[in-house]
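The structure appears below as structure tokens.
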Amino acid sequence: MRDRASVVIVGGGIMGLSVAWHLAKDHGITDTVVVEKGYLCGGASGRNGGGVRAQFGSEENIRLMQESIRMCRDFAAEMKINVWFRQGGYLFLVRNEPARKNLEKSVRVQNECGLATRLLEPKEAKRIVPELDIEGVLLASYNPDDAVVFPWPFVWGYAECAQKLGVDIETFTEVTGFETRGARIEGVVTNKGRIRTNRVVNACGAWSPELAALLDVELPNRPHRHEICSTEPLKPWLKPLVADLSNGLYFSQSMRGEIVGGISNEDVPEGLDMGSSHRFLALYARALTRTVPLLGRVKVLRQWAGCYDLTPDANPIVGEVDAIEHFYQASGFMGHGFMMAPVMGKLLAQHIAEGTKLPLFDRWNLRRFAEGKLLSESMIIG
Ligand SMILES: Cc1cc2nc3c(=O)[nH]c(=O)nc-3n(C[C@H](O)[C@H](O)[C@H](O)COP(=O)(O)OP(=O)(O)OC[C@H]3O[C@@H](n4cnc5c(N)ncnc54)[C@H](O)[C@@H]3O)c2cc1C
């Protein structure tokens, strides 16, 4: 393992690897080490639904995702790896009045930003997915440019291309501590040795608070287990990813034909638990078969779980912390960190390499919690 690096990125998920790739490609910083305690795809980046959407409530998230979707579209050609990118759109459903108002407001903002999102009466939604049972649905929204990808090759693509440019990726290597002088980092301590560096990125996803605590930095993020499952493959029939904003149900059909989906469950206690349960299957099956009754006949083949990385205001924590020099955060991406990683990696790499001050990183800074400047985002799944 390299004993010195310009930047050490802790966490080999999509976020850390995207930052590493952009540092190398955009800024020529190739002596970076990505330290990953497990294997690539072992964290949330290998356990998610692969949904990529620009339908958000805040202008900030919409504009970031417009850029990220463009980057996802170009990813396969640039990285020479098939990520099964498929633009079938996202169809959001709402079933109560406050959610309907919220959706109308969000779609207005989306249209102002140039998204092609349309509000649909339930009958029109049925034209997009004829198998939908629209009883109880008040309104829907559809953006044809939203998409799904297969997460694993996306992670591998970043990793392989970063390595080709000289980046080291150390798997099964855990960061256990830091060497510091005052507010300055001098080195990263791992179970396989030490790396001298002054710049560290915390890209540990749901484990980010644990890593930050090693430097006495307290993050307000909370890990929350989210379960997901996939079925036997079916002939392609479902175009969009369908998401119900009233209960957090979502499902899409992968390029291999499986129906992949999950649902929110607020009864799950916080914690770094990645176990699966029958309770999830029951909850998901009830909501799914109410929405598309035909799916009751389809067999579940596999279920798994990962951790969402939740923040108190549903917005991420990104950028340098005040207490420690050049200790950059890239966490708190709730259930949409995979889709944000392309654009975030690019922006964070620019910030690290050039010291560019981005207003976005001021708003998303950790200090907002102490200053009471909380943000909001109304279109969260889960
Ligand atoms: C069920 C589920 C469905 C989801 N669906 C979607 C979706 O459809 N679209 C979307 O955009 N997002 C989705 N998400 C969220 C998305 O997966 C995450 O936001 C994203 O993957 C976070 O990436 P990351 O790189 O920050 O974290 P991770 O992928 O979790 O990577 C963090 C890594 O840090 C490593 N690590 C931790 N501590 C240390 C240490 N001390 N030393 C070394 N390494 C360490 C971990 O082993 C881990 O591999 C979903 C998440 C789940 C769980």
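Annotations for the structure displayed:
- Of all residues in region 257-276, those that are under 13 Å from Arg47 (Cβ atoms) and outside any loop (DSSP other than H, G, I, E, B) have Cβ atoms under 9 Å from Cβ atoms of residues that are among the acidic types (Asp, Glu) and open to solvent by less than 60 Å² (accessible area, probe 1.4 Å), 6 or more apart or on another chain, in Gly262/Glu227.
- Subset of region 4-18 (residues that are closer than 18 Å to Leu211 by Cβ and either without any contact (Cβ under 8 Å) to a residue 40 or more places away in the chain or more than 9 Å from the ligand (Cβ to nearest atom) (or both)): Ala5, Val7, Val8, Ile9
- Here Leu139 meets the list (1) outside the structural domain of Met339 (by TED's automatic domain parsing); (2) modelled with pLDDT of 95 or more; (3) open to solvent by 10 Å² or more (accessible area, probe 1.4 Å); (4) farther than 28 Å from Gly271 by Cβ almost entirely, failing just condition (3).
- Filter result for Val200 (touching a residue at least 40 places away in the same chain (Cβ under 8 Å), within 14 Å of the ligand (Cβ to nearest atom) and touching a His at 6+ places or on another chain (Cβ under 8 Å)): yes
- Residue match in region 335-350 (condition: touching a Cys at 6+ places or on another chain (Cβ under 9 Å) and within 15 Å of the ligand (Cβ to nearest atom)): yes
- Annotation: of all residues in region 22-52 being more than 7 Å from the ligand (Cβ to nearest atom), open to solvent by 20 Å² or more (accessible area, probe 1.4 Å) and among the hydrophobic types (A, V, I, L, M, F, W, C), the one that is farthest from Asp309 (Cα to Cα) is Ile29.
- Pairs meeting the criteria (first residue in region 164-177 and in contact (Cβ under 8 Å) with a residue 12 or more places away in the chain, second residue more than 9 Å from the ligand (Cβ to nearest atom) and among the acidic types (Asp, Glu), beta carbons under 8 Å, at least 6 apart or on different chains) are Gly166/Asp31.
- Any hit, region 202-213, residues being surrounded by fewer than 16 Cβ atoms within 10 Å (Cβ to Cβ), outside the structural domain of Leu120 (by TED's automatic domain parsing) and not β-branched (Val, Ile, Thr): yes
- Count of residues meeting criterion [under 15 Å from Pro316 (Cβ atoms) and in contact with a helix residue (DSSP H, G or I) (Cβ under 8 Å, 6 or more places away or on another chain)] in region 15-44: 4
- The set of residues in region 298-320 being assigned to a strand (DSSP E or B) and either away from the ligand (no atom under 15 Å from the Cβ) or open to solvent by 30 Å² or more (accessible area, probe 1.4 Å) (or both) consists of Val300, Leu301, Arg302, Gln303, Trp304, Tyr308, Glu320.
- Any chance Gln87 is open to solvent by 10 Å² or more (accessible area, probe 1.4 Å), closer than 21 Å to Gly261 by Cα and either in the same structural domain as Thr231 (by TED's automatic domain parsing) or within 16 Å of the ligand (Cβ to nearest atom) (or both): yes
- Looking across region 53-83, the residues that are within 14 Å of the ligand (Cβ to nearest atom) and either modelled with pLDDT under 95 or assigned to a loop (DSSP other than H, G, I, E, B) (or both) come down to Arg53, Ala54, Gln55, Phe56, Val83.
The values are calculated or read from the model by the stated rules, or taken from the named source; none is laboratory data. Note that the structure is predicted; figures quoted are calculated from it, not measured. Note: ideal-geometry Cβ built from the backbone for every residue, glycine included; neighbour counts use all protein chains shown. Areas reflect the complete protein model, heavy atoms only, side chains present, ligands, DNA and RNA absent. Shrake-Rupley method; radii C 1.70, N 1.55, O 1.52, S 1.80 Å.
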